[in-house]
Structure formats: C-alpha cells, structure tokens
Amino acid sequence: MSSEKQARTGTDSALRNFLESEAAGGILLMFAAALAMIVANSPLYDMYHHFLHELKGPVLSKKLGPMTPHLWINDGLMAIFFLLVGLEIKREFVDGRLNTWERRRLPVLAAAAGMVVPALIYLAIVRDMPELYNGWAIPAATDIAFAIGVLALLGPRAPTSLKLFLVTVAIVDDMGAVAIIALVYTAEINGAALLASAVILGIMYTMNKAGVKSLIAYLFFALLLWFAVLLSGVHATIAGVLAAMAIPIVVTPGSPDAEDSPLHRLEHGIAPWSAFLIVPIFGFANAGVSLEGLGVEQIFAPLPLGIAAGLFLGKQVGIFASVWIAVKTGFAQRLGGATWLQVYGVSMLCGIGFTMSLFIGALAFPGEALLIEEAKIGVLMGSFLSAVVGFCILRFAPQQTADEDELAAEPAKAA
C-alpha cells in the first residue's frame with residue numbers, strides 16, 4: 001500500500017480507509033454466501049453440515065453444550081466482530097461523525113425508523129402465529145459490509161455523501177441490534193457469572209481511568225469477560241461491545257489518529273481480520289440453505305415472507321420516509337451531492353440484512369432447526385432483492401448537478 005494511502009487526515013480519512021476495507025470485505029462476503037449456497041445444494045451438503053454441527057468440542061457452557069465449529073464461529077469469532085463494532089461506535093461518538101447531536105440526529109432517526117417499520121411489517125404478516133413473534137428483530141438489522149460492497153461496485157456513481165450516510169446509519173443500527181440481542185434474546189441468567197462479568201468490566205474501566213494503555217492487558221481481561229458473559233446466559237458476543245467501551249481513546253479532532261491511541265490501534269489491527277476472515281467465515285457457515293424439495297409454499301410461508309418483506313419493504317419505507325420528513329420539516333439537512341432518487345436507492349440497500357439478520361435469526365428460534373432454515377430463506381430473499389433493486393436504482397439514477405446541489409444547500413444556509 002502506498003504511503004499516500006497510509007496517511008490519514010483526521011476522521012474523514014479514517015472513514016475512507018474503513019469504507020475501502022469494508023467494500024472489499026463485502027464483496028468477499030458475497031462470494032462466501034454464494035459458495036455456501038452452492039455447497040449446501042451439492043453432494044457436499046452432508047460433509048458441510050457434519051463439520052459445522054456434529055463435530056463436538058469441550059463444554060464451556062451447560063446451556064450451549066459441547067462446542068461445535070458452528071458455535072465457535074457464532075459465539076467466539078463473532079465476539080471479535082462485535083468488538084470491532086463497539087470500537088467503531090465509540091470512535092464515531094467520541095471522535096467522529098457522530099460526536100455532536102447535530103450530526104447524530106438524521107442517522108439516529110433514519111436507523112430507528114429503519115428498525116421499527118420492518119419489525120411492524122413482520123409482525124403484521126405473522127400476526128396469526130404467536131410462535132413466530134420472537135423473530136420480529138430479524139429484519140431490523142443492516143449488513144454494512146454487504147451494503148458497502150454493493151456501493152463499491154457502483155464506483156463514482158455513488159456520491160461520498162451516500163456512503164457516509166450508509167455507514168453512520170449502519171453504526172446506529174448496530175447499536176440497536178446489540179441492545180436487542182442483550183435485552184431480548186437472553187434466556188436464563190447465571191447471577192454469579194453476571195456478577196463476575198461486572199467485576200471484570202469494572203477492572204477494565206478502572207484501568208482506563210488510571211491511564212493504562214497496554215492493549216495486551218485489555219485484551220486479557222476482554223477474554224475473561226467473554227468467558228464470564230458466555231456462562232452468564234447473555235449472548236457471548238455482547239462481551240465484545242462491552243470490552244470496546246472500556247478501551248481508551250485519544251481524541252484528536254480534525255487531526256490524524258494519535259499513534260498512542262489504544263482504540264485506534266486495536267481497530268486498525270482487527271478490521272482486516274474481521275472484513276476478510278471472520279465475517280466471510282460466518283457467512284459461509286450460516287448462509288448454506290438446502291433448496292431440495294423447496295416449493296412456492298415454503299418460500300412464501302409466513303416466516304420467510306415476513307422477514308423478506310420487512311427487509312425489502314420496511315427498510316426502504318422507514319429510512320427514506322424518515323429522511324424526507326426530516327429534511328422537509330427542517331429537522332435535518334439534505335444530503336449534499338445526492339438526488340432524492342439516490343437517497344431512495346441507498347435506503348433500499350439498507351434492506352441488506354445478511355450478517356446481523358442471520359445472527360439474530362439463530363437466536364430467535366434456538367433449537368428450532370426448521371424455523372432457523374426458514375429464517376435464512378427470508379433473509380436471503382430480502383437481502384438479495386434489496387441489493388439488486390438498490391444497485392439498479394443507483395446505477396441508472398441521474399447524478400446531482402452542481403446547480404441542484406447549491407439549490408439544495410440554500411435552505412440550510414438560510415437557517
């Protein structure tokens with residue numbers, strides 16, 4: 001990589017680097033998902049399923065039982081992914097594009113609407129089947145890697161303002177998804193393990209306040225925190241987000257990242273591993289759905305239909321409507337350099353719920369293999385439709401002219 005690319009000029013440069021790595025990771029994720037579908041519908045399916053679910057390892061938690069490769073991926077590797085999510089959230093809120101309320105309000109509003117509307121559509125479709133209510137959060141999540149990967153395929157036809165909007169909405173969306181996982185999809189609680197988690201987290205925060213900057217020390221306690229949370233009954237990946245909140249950050253607004261900032265060093269260190277290894281492995285392990293014997297009746301069953309409709313319809317309606325209303329009422333400024341059709345296109349891409357939706361689907365129906373498979377079908381359908389339609393809209397949407405851009409900025413200048 002050239003020295004020019006290595007140089008950073010503040011938060012915007014960090015975001016550009018983030019977008020570049022996520023774009024490449026998103027394309028790799030698409031390949032992993034496609035490969036999983038090919039394997040799951042080939043003579044290799046039995047080997048694929050046996051490796052993921054039938055190879056048994058040690059028992060770390062009585063609730064989970066013997067650790068299979070699938071559990072190691074979903075409860076272990078994904079904790080590192082959630083650690084990165086937590087680091088990104090903290091960086092953006094402390095030293096990035098979400099560090100003031102003025103910057104937060106549009107993505108917060110859009111993300112909230114983009115979670116509520118899909119959930120309502122899902123519940124409306126499964127209203128006569130109470131056993132499916134627990135899946136309401138599946139279509140509420142956006143997959144940032146996949147969506148950015150689609151945007152990357154558009155090249156200069158996707159304005160930078162749209163990419164940054166998508167990133168900030170997805171970061172706030174991730175916060176909502178993390179909260180849902182912690183509060184909704186937690187079963188029996190082990191009080192002693194939960195207390196141990198609180199003590200470990202307290203130690204990490206004390207280290208932060210005392211000025212400790214050794215990443216090795218924080219990662220040691222983060223590993224202990226992961227094990228304690230695993231035993232507590234709260235999903236183990238939440239430990240990644242909690243640990244991230246305790247990592248110190250050196251704030252340098254408008255300047256390059258500080259070399260002695262533990263948060264920035266850790267984020268830059270694990271981002272490539274997450275984008276190019278962890279998330280593709282998760283996609284390969286979770287996207288494989290056998291279509292053998294699958295008919296129209298199964299595809300349009302309430303569960304997959306509710307999820308697909310929530311992602312494809314709910315996301316675009318919730319996000320685009322909230323942005324349009326916010327701009328028209330003066331609550332927020334219109335995105336610079338982008339037409340309304342392009343804003344609609346990126347709202348459509350937010351319906352790609354792949355990684356987080358698959359993850360929540362497995363939590364929503366524990367032990368219900370058939371329902372989990374149906375949920376996967378819904379996630380794949382909704383995400384595929386959102387990706388294709390969103391791409392086509394942005395590919396053929398007229399570009400914002402300089403005069404239109406200046407005209408769109410006039411209300412903000414007058415305010």
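The values are calculated or read from the model by the stated rules, or taken from the named source; none is laboratory data. On a predicted model such as this, the values are computed, not experimentally measured, just so you know. FYI the Cβ positions are ideal-geometry reconstructions off the backbone, even for glycines, and counts take in every protein chain you see. Keep in mind that these areas ignore ligands, DNA and RNA; they rest on the heavy atoms of the full protein, side chains included. Shrake-Rupley method; radii C 1.70, N 1.55, O 1.52, S 1.80 Å.
Bin by bin, in steps of 5 Å, what percent of the Cα pairs in the stretch 187-237 do you find, going until the bin that has the longest distance? Bin by bin from 0 Å, the calculated values are 5, 23, 27, 20, 13, 8, 3, 0. Relative to the current alpha-carbon distance between LEU277 and VAL59, full extension at 0.36 nm per residue lengthens the span by 76.0 nm. Annotation note: trypsin sites (Lys or Arg not before Pro) in the stretch 58-122 located in DSSP loop regions with a Cβ neighbour count of at most 10 within 10 Å are LYS62.
Given the rule -39500 (n - 2.57) for each run of at least 4 DSSP H residues, summed and divided by the residues of the chain, what is its mean residue ellipticity at 222 nm, to the nearest 500 deg cm²/dmol?
Details: 19 runs with 276 residues, N = 415.
Calculated from helices alone, the mean residue ellipticity at 222 nm is -21500 deg cm²/dmol.
State, as an integer percentage, the relative contact order of the chain based on alpha-carbon contacts under 8 Å between residues 6 or more apart. Write out the running numbers ahead of the final one.
Working: 638 pairs, mean separation 114.6, N = 415.
Computed value for the chain: 28 percent relative contact order.
Pairs of Lys residues in the chain are counted when their Cα atoms are under 28 angstrom apart and they lie 8 or more places apart or on different chains; the count is 17.
Ordering 44-56, 145-157 by mean Cβ neighbour count within 10 Å, with the highest value first, yields 145-157, 44-56. Global size of the stretch 101-195: 16.7, 54 Å for Rg and Dmax (C-alpha atoms, Rg to one decimal, Dmax whole). Once both labels are positioned 7 Å from their Cα atoms along Cα-to-Cβ, the gap between TRP72 and GLN333 label points is 5.0 nm.
All Cα-Cα distances of the stretch 251-406, cut into 10 Å bins from zero to the largest, leave 10, 26, 26, 26, 10, 2 percent in each bin in turn.
Taking all protein chains into account, the per residue accessible area for the chain stands at 44 Å² (1.4 Å probe). All Cα-Cα distances of the stretch 184-281, cut into 10 Å bins from zero to the largest, leave 15, 40, 32, 12, 1 percent in each bin in turn. Modelled this way, with points 7 Å down the Cα-to-C-beta line, the labels at ALA321 and THR100 are 3.1 nm from one another.
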